[in-house]
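Read through the structure below, which is laid out as structure tokens, and then see the notes.
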Amino acid sequence: MKIIGLILLAYLAFSVPVNAAPRIAVLNFELLDETLLPNTPEELTRTASMKPLLEQAIRRLGDYEIVQISVNDQNAATAGIGYLLNFNDVAAKLGKQSGADWVVVGQHSKHSFLYSYLMVHLVNVKAQKLAGDFPTELKGTHQKVTQRGINGLAKKLAARIEQLSGSASKTTP
């Protein structure tokens, strides 16, 4: 009986979840404001709100672990606006340092006072490759518009992560 107990204990101790909660790092969104009056305090505040809004929206959608990457680490890894959006391998390395499985890199691109775009990449940390590109149009500048766009983006990101990760939650020895 002791042997069976020891075998069972060893099995449970060394069983690893096949699909633990995906670990997602959301980087701070960069603002690329090409309007005639760029980088207003209101637009900087709006852009700064996008990361926490997206993290909250992702958490509400399922079993996801949000991993934090410090602003200092993000700034050290970038060579300017759009750098991490264009170099997925660098974003992946940044995610790996923080133990993330996925990194969300975003840019708030504003070319008009009437609309703007969220240019968002989902980067697979393990493969160091782009896993998805999610441009999202925001028509207007109200908080409600931003929240609606972020919620839609979160759904697309979660669906892509589930598609690439699978959704089984079994354990194997």
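Every number here is computed from the coordinates shown, using simple stated rules; none is lab data. Because the structure is a prediction, the values reported are computed rather than measured. Note that each Cβ is placed from the backbone with ideal geometry, even for glycine, and that neighbours are counted across all protein chains shown.
Below, the figures for the structure above:
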{"read-out": "Counting all C-alpha pairs of segment 20-166, share separated by more than 19 Å (%)", "value": "48"}
{"read-out": "At most 15 other Cβ within 10 Å, DSSP loop - chymotrypsin sites (Phe, Trp or Tyr not before Pro), segment 54-122", "value": "Phe113"}
{"read-out": "Leu32 long-range amide H proximity, modeled H, under 5 Å", "value": "His108, Ser109, Lys110"}
{"read-out": "For segment 47-84 and segment 111-136, distance of Cα centres in Å", "value": "12"}
{"read-out": "Shape category assigned to segment 86-127 from the gyration tensor of Cα positions, a/c cut at 1.5", "value": "prolate"}
{"read-out": "Segment 109-167 - Debye-derived log10 I(q)/I(0), Cα point model, q = 0.15, 0.20, 0.26, 0.30 Å⁻¹", "value": "-0.51, -0.77, -1.03, -1.20"}
